[in-house]
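Colleague: Quick one: the structure is below, and I'll ask about it shortly.
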Amino acid sequence: MTDKTLINGAANRDSLGPDAMRWTPEPEQPAVSVADVFGEVIHGYSRARAIADGVLVAVGDGIAREAGFRFPVALTAAAWADCVAWTDEDNRQTCQDEEGRLWDVLRMTRYAIRRSDGGPSCTVDLYRVPRDGESEEGERTQLLATCGPGDDLEPVITISLPGED
């Protein structure tokens, strides 16, 4: 190798001249907030408010932990009504109770999460007896389990019917 193949100013093949690498830092940009991009918040609806309003039904920490959840769990009111809610009057169909139905939802949700690809949501397949006054056999239904940020950006799990927001 001859000196002509070296970059001007280089003493040998392994070193570069002072002009070989020039970098000028860009001026600092101000931090951009969500309000800068989208404007001020018009209306906010917290998870705590949704629970207080009955839009979400919180699962007790004890049963959630027993079912294997480390994060708070809640079901939408529609998912609760379809898959968990059960009264003494419903027992004319078949004998069940809400705690057992909730346990089924939680266990099948935990199973679906463990089998999922690790994304923020997964489909939960579940058999439950519908509250129609006649059915005695479980029917297949699907729920959607989503892990997202809670009011303080902590992870929370919400179980809903497919298509619910």
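Colleague: Using only Cα atoms, what is the ratio of the radius of gyration of segment 116-157 to 2.2 N^0.38 Å?
Modeller: Values: Rg = 15.0 Å, N = 42, 2.2 N^0.38 = 9.1 Å.
Here the answer is 1.65, to two decimals.
Colleague: Over segment 69-123, one equal point on each Cα, no solvent: what is log10 I(q)/I(0) by the Debye formula at q = 0.14 Å⁻¹?
Modeller: Debye curve over Cα of segment 69-123, log10 I(q)/I(0) at q = 0.14 Å⁻¹: -0.45.
Colleague: Which net charge results when you count Lys and Arg as +1 and Asp and Glu as -1 among the other residues whose beta-carbon is under 12 Å from that of Asp90?
Modeller: Result for the neighbourhood of Asp90: -3.
Colleague: Which order do Ile157, Ile42 take by accessible area at a 1.4 Å probe, largest first?
Modeller: Numbers: Ile157 15, Ile42 170 Å².
Sorted descending by solvent-accessible area, the residues read Ile42, Ile157.
Colleague: Report in % the part of the accessible area of segment 89-165 that belongs to carbon and sulfur, leaving out ligands and nucleic acids; probe 1.4 Å. Mind showing how you got there, number by number?
Modeller: On the way: 2170 of 4930 Å².
Solvent-exposed carbon and sulfur of segment 89-165 make up 44 percent of the total.
Colleague: What accessible area per residue comes out for segment 50-99, rounded to a whole number of Å², with a 1.4 Å probe?
Modeller: Working: 2670 Å² over 50 residues.
Solvent-accessible surface per residue comes out at 53 Å².
The values are calculated or read from the model by the stated rules, or taken from the named source; none is laboratory data. Since the structure is predicted, the reported quantities are computational estimates derived from the model, not experimental observations. Positions of Cβ are backbone-derived with ideal geometry, glycine not excepted, and every protein chain shown enters the neighbour counts. When the accessible area is computed, the model is the full protein with side chains, heavy atoms only, and any ligands, DNA or RNA have been set aside. Shrake-Rupley method; radii C 1.70, N 1.55, O 1.52, S 1.80 Å.
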